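Step one of this worksheet: look at the structure below.
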Amino acid sequence: MHILLVEDEPSVKAYVAATLHRAGHTVEAASDGDEALRIYRNRKKCGYDLVLTDRWHPGMDGIQLAATIRRMNPSQPIAFQTAGSTDSIVEERMATYGVNDLPRIEKPFRSEQLLRFIESVTEKFLPKTDNERQSPTR
């Protein structure tokens with residue numbers, strides 16, 4: 001899979017990117033929403049299998065980024081990696097931007113947890129193979 005990772009904390013960005021690379025994914029990384037949006041727009045024709053963004057980073061934050069990408073491409077899989085629990089103010093802001101339904105994984109997480117999360121998010125969006133479409137016969 002080709003994943004756009006948006007994370008402003010260098011150590012977290014390096015950990016997540018390394019985990020995804022080891023699992024065979026291609027990762028492009030950005031440190032904030034503005035940079036991520038430029039990268040996303042430049043790759044618009046090829047697209048990404050997933051945009052994985054932190055909720056909070058300098059400039060355009062992850063909530064604004066997710067809403068902007070969703071307007072550009074409503075079928076784009078997007079997920080949040082978050083630090084700390086979500087309070088009612090954050091939930092309200094996410095609802096205002098129309099991204100409160102996006103999946104999220106809470107930091108800190110282990111590599112295995114991240115990979116299971118990525119798999120669960122993307123399996124809803126990726127096309128099924130012919131074998132997966134066929135129902136079992138008995």
If you check GLU9 against the conditions, is it under 19 Å from ILE118 (Cβ atoms), surrounded by fewer than 18 Cβ atoms within 10 Å (Cβ to Cβ), among the acidic types (Asp, Glu) and over 13 Å from the mean Cα position of the chain (by Cα)? yes
Residues in the stretch 76-120 that are touching a Leu at 6+ places or on another chain (Cβ under 6 Å) and either β-branched (Val, Ile, Thr) or more than 17 Å from VAL16 (Cβ to Cβ) (or both) total 1
Here the residues within the stretch 42-65 that are of a type in the set (D, E, K, R), touching a Gly at 6+ places or on another chain (Cβ under 7 Å) and surrounded by fewer than 22 Cβ atoms within 10 Å (Cβ to Cβ) are ASP61
Do we find that ILE78 is closer than 20 Å to ASP32 by Cβ and modelled with pLDDT of 90 or more in this structure? yes
Test set (1) assigned to a helix (DSSP H, G or I); (2) surrounded by 18 or more Cβ atoms within 10 Å (Cβ to Cβ); (3) among the acidic types (Asp, Glu) - ASP34 fails condition number: (2)
Yes/no for SER75 being touching a residue at least 24 places away in the same chain (Cβ under 8 Å), touching a His at 6+ places or on another chain (Cβ under 8 Å) and of a type in the set (Gly, Ala, Ser): no
Could you list all residues from the stretch 87-107 that are of a type outside the set (D, E, K, R) and out of contact with any strand residue (DSSP E or B) (no Cβ under 8 Å at 6 or more places or on another chain)? SER88, ILE89, VAL90, MET94, ALA95, THR96, TYR97, GLY98, ASN100
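Conditions tested, residue by residue: (1) of a type in the set (Gly, Ala, Ser); (2) at pLDDT below 95; (3) within 19 Å of PRO108 (Cα to Cα); (4) under 14 Å from the mean Cα position of the chain (by Cα).
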| site | (1), (2), (3), (4) |
| --- | --- |
| LYS13 | no, no, yes, yes |
| GLY24 | yes, no, no, no |
| ALA29 | yes, no, yes, yes |
| LYS44 | no, yes, no, no |
| PRO58 | no, yes, no, no |
| MET72 | no, yes, no, no |
Looking at the stretch 12-34 only, could you name the residues that are touching a strand residue (DSSP E or B) at 6+ places or on another chain (Cβ under 8 Å) and over 15 Å from LEU114 (Cβ atoms)? THR26, GLU28, ALA30, SER31, ASP32, GLY33
Candidates LEU5, LEU37, filtered to the one that is hydrophobic (A, V, I, L, M, F, W, C), in contact (Cβ under 8 Å) with a residue 24 or more places away in the chain and farther than 18 Å from SER120 by Cα: LEU37
In the stretch 41-58, how many are assigned to a loop (DSSP other than H, G, I, E, B) and over 18 Å from MET94 (Cβ atoms)? 8
I need every pair where a residue in the stretch 91-117 that is at pLDDT 95 or above has its Cβ under 8 Å from the Cβ of a residue that is of a type in the set (D, E, K, R), sequence separation at least 6 or different chains. SER111/ARG22
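The values are calculated or read from the model by the stated rules, or taken from the named source; none is laboratory data. Predicted, not measured: the structure shown is a model, and the values here were computed from it. Every residue, glycine among them, receives a Cβ derived from its backbone with ideal geometry; neighbour counts consider all protein chains shown.
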